[in-house]
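Presented below is the structure to which this report refers.
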Amino acid sequence: MLEPREQLILLNLVPGLSARAVRRLLDALGGVAAVAKAGPETLQQTAGLSALAVRRIADGLRDEARLARELVLAQERGVTLVTLEDPGYPAALKTIADPPPVLYLKGKLPTSPALSIVGSRKPSPYGLRLAERLTREAVQGGLAVVSGLARGIDTAAHQGAL
């Protein structure tokens, strides 16, 4: 039997399942262990999921080989997985509407105030320069930079941070 933390990692790997759908399932059923035990009808009614999504969840939560591959790959790359089930999951992040079920961390979570710069994936040259400059100055002032690692403004922000 898998631990709730492992079940959450597998749930996070289900193709096409959004953080919002995961949150609805966890809230409605009372946790990932209950999601793993729920039948297809319960999953469909609880989160309004399609039959395909329900099959993917059921198959995904049984895929221990995929879990093992994910954990080995993370270890090989020096990545730590922090789930909603872990005490180290940031409390502030749990308060947003759709917190990511699993964080993939390289390094440590910042303890200082953090800044997120989000923008277009196809920014203007001016937008790129501004994002890089603002982020560089913010980091020099002691702020951490967080991002979803998208292209465009997010990339420029991380370049400025580095």
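Points worth noting:
- Residues in the stretch 12-35 reached by a label modelled at LEU52 [backbone nitrogen below 11 Å; 7 Å Cα→Cβ]: 16
- Estimated distance in nm for a label pair at LEU73 and ARG136, the labels positioned 7 Å out from Cα along Cα-to-Cβ: 3.5
- When you restrict to C-alpha pairs under 8 Å that are six or more residues apart and normalise by the size of the chain, the relative contact order lands at 20 percent.
- The slack in the chain from ALA19 to ASP86, taken as 0.36 nm per residue of separation less the alpha-carbon distance, amounts to 22.5 nm.
- Ligands, DNA and RNA are left out, and with a 1.4 angstrom probe the accessible area of the chain is 61 Å² per residue.
- Cα→Cβ-extended label distance, 7 Å offset, between GLN159 and ARG121, nm: 1.8
- Distance from the C-alpha centroid of the stretch 2-45 to that of the stretch 84-162: 27 Å, rounded to the whole angstrom.
- At R0 = 35 Å, FRET efficiency that the Cβ-Cβ distance of ASP63 and LEU143 yields, to 0.05: 0.35
- Ratio of Rg to Rh for the chain: 1.04 [Cα atoms; Kirkwood radius as inverse mean 1/r over pairs].
- Applying 1/(1 + (r/R0)^6) with R0 = 25 Å to the Cβ-Cβ distance of ARG151 and LEU109 gives a FRET efficiency near 0.60.
- Ligands, DNA and RNA left out, the accessible area of the chain computed with a 1.4 Å probe is 54% carbon and sulfur.
- Per-bin percent of Cα-Cα distances, the stretch 58-132 [10 Å]: 14, 32, 32, 18, 4
The values are calculated or read from the model by the stated rules, or taken from the named source; none is laboratory data. Note that this is a predicted model, so its numbers are computed, not measured. Positions of Cβ are generated from backbone atoms using ideal geometry, with glycine treated the same way; all protein chains shown enter the neighbour counts. Remember, those area values only see protein heavy atoms, side chains included, never the ligands or the DNA or RNA. Shrake-Rupley method; radii C 1.70, N 1.55, O 1.52, S 1.80 Å.
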